[in-house]
Amino acid sequence: MIARIVVAALLVLAGCAGPPDSIPSLFIGPARERVNASDATSGIWVEARVDGEPGPQVLVDTGSPFALLYPQAFHGAVPNGAGTVASLALGETTLWKVPTLGIDGAGAIAPDGGPMGGVLGYSVFGQFAVSFNFRDRQLALGTVPFPDGVLPAVVTPFSLEGGGAGQLPGGGAPIAFSASRVLLSASVESIPVTLMFDSGASWVVLESALLASLTADGRPTLATSASLARGTATVSLTRVRRVSLAEAQVDDVVGAASAGTDELLTTLSQEVGRPVEGLLGAEFLRHYYATVDYPRRFVELRRYADEEFLVDSYQRVGIELAFDAAREGYLVAQVYPGTNAEEQGIRIGDIVRAVDGTSLVKLGPAAAERTLLGTVGTLRHVDFENRAVDVRVDDLLPTSPPASH
């Protein structure tokens, strides 16, 4: 599935509350630059180099305590299990003696179509400020000037929470990890909640009970597949009318819930010693130039003055794509019910060659999916292996007006 549905690659470790706040034991080169990132809407993906060798794209994930990397994607430069790499470079910034956890990520695909390298967490960037710029597709490391075209900042302090000891899903010796969780007081449609700042989550992830209470008014929902820290699950999506963090707020943000994410939130709540009702993910954060300043312990959100760059991933042709390496092309991985795509007889497993004359062969997953987006009611000319069809762009997750009283 496409990279934008990655959710919460954060709780591979499950621990009890443990050590006090601490910073990773790293030596770092100059960390004050902007690193080019991918164009995926699910998060900020950057290329990582280990020991000087070019490497794959990795997801920058404030929800993960560690650098969780896939050794096979780095051609053996990353050790299996708990270990250390001599250097890890992002752009021109080099971090020395970086602790890593090598885990199996066979088959995971990054937005550029190459193998996914894993996620970078607190053990990599917990010593400095890290900023996420979805508009300009950049990751800023260290204290750098904020970009033009943003509004005044909303600043929220935090204390790092959690930490303890846990195990990787495959077992092995317990691993100690520092307090790294950035928890923030927020509201979801005026309901007070505690959310974790999680740049590795695609959506605003909520407890299932909370999402069910919101959808009791009959608003539309959508079921899709998502990659969780512990496997793939079916996730329920809906439009949340407002998510607020102090004076920062986003309307009609996509919220998600499932049994799998409930398990993650329960584990997180046990770790920090208090209830955590959700994750503040990319669907909210992409509206802002968002900074987590770890040394000074505050989150800073500067909203983009012009949001024309934002795209709605749910106004699209009603299919999802998956890259098939054997066929060197894209297959239909999901057909959404009730869409024109279903009416046109498109089926899971159909091979897609081109959209509106653009061949998908050399496109990464994020770029391939983007060819399916558009204005509701317009048509996309889709070339399959054995036929061509004009398919309407549908609104898969329409916004419904508040219920009247």
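Throughout, read-outs are computed from the coordinates displayed, never taken from laboratory work. Treat the numbers as computed from the prediction; the structure is a model and nothing was measured. As a convention, Cβ positions derive from the backbone with ideal geometry for all residues, glycine included, and neighbour counts pool all protein chains shown.
Before moving on, here are some points about what is shown:
- When the Cα atoms of segment 58-212 are aligned to their principal axes, the ranges along those axes come out at 47, 40, 31 Å in descending order.
- Across segment 315-395, Cα pairs under 8 Å and at least six residues apart give a relative contact order of 34 percent.
- Whole-Å distance, taken between Cα centres, linking segment 328-392 and segment 57-89: 34 Å
- Segment 204-316: Cα Rg divided by the 2.2 N^0.38 Å rule of thumb: 1.14
- Computed over segment 240-327: relative contact order in percent, which uses C-alpha pairs under 8 Å that are six or more apart: 16 percent
- Extension reserve of the Ala86-Glu53 stretch, reckoned as 0.36 nm per residue once the Cα distance is removed: 10.7 nm
- Cα centroid of segment 112-137 to Cα centroid of segment 268-283, whole Å: 20 Å
- For the chain, relative contact order (Cα pairs under 8 Å, six or more residues apart, normalised by length) works out to 18 percent.
- In segment 309-405, GluC sites (Glu not before Pro) in a DSSP loop with at most 13 other beta-carbon atoms within 10 Å: Glu328, Glu385
- Trypsin sites (Lys or Arg not before Pro) restricted to segment 283-346 and DSSP loop, no more than 14 other C-beta within 10 Å: Arg296, Arg297, Arg327
- What the phi angles of segment 237-245 give under the Karplus curve with 6.51, -1.76 and 1.60, with θ = phi - 60°, is a coupling list of 10, 7, 8, 8, 5, 7, 10, 10, 10 Hz, glycine and proline written as x.
- Relative packing of 70-78, 150-158, which averages over residues the other C-beta atoms within 10 Å, highest first: 70-78, 150-158
- Global size of the chain: 20.6, 63 Å for Rg and Dmax (C-alpha atoms, Rg to one decimal, Dmax whole).
- Relative pair counts by distance (%), Cα atoms of segment 24-141, 5 Å bins: 2, 13, 24, 28, 20, 10, 2, 0
- When the chain is treated as a GNM with alpha-carbon contacts under 10 Å, the residue of Leu210, Leu264, Leu372 showing the greatest mean-square fluctuation is Leu210.
- Principal axis dimensions, largest first and in whole angstrom, of segment 288-405 by Cα: 58, 46, 22
- Computed [θ] at 222 nm, helices only, for the chain once each DSSP H run of length n ≥ 4 contributes -39500 (n - 2.57): -2500 deg cm²/dmol
- For segment 24-141, the dipole from Cβ point charges (+1 on Lys and Arg, -1 on Asp and Glu) about the Cα centre works out to 260 debye, to the nearest 20.
- Cα-centre dipole for the chain with unit charges at Cβ (Lys and Arg positive, Asp and Glu negative), debye to 20: 460 debye
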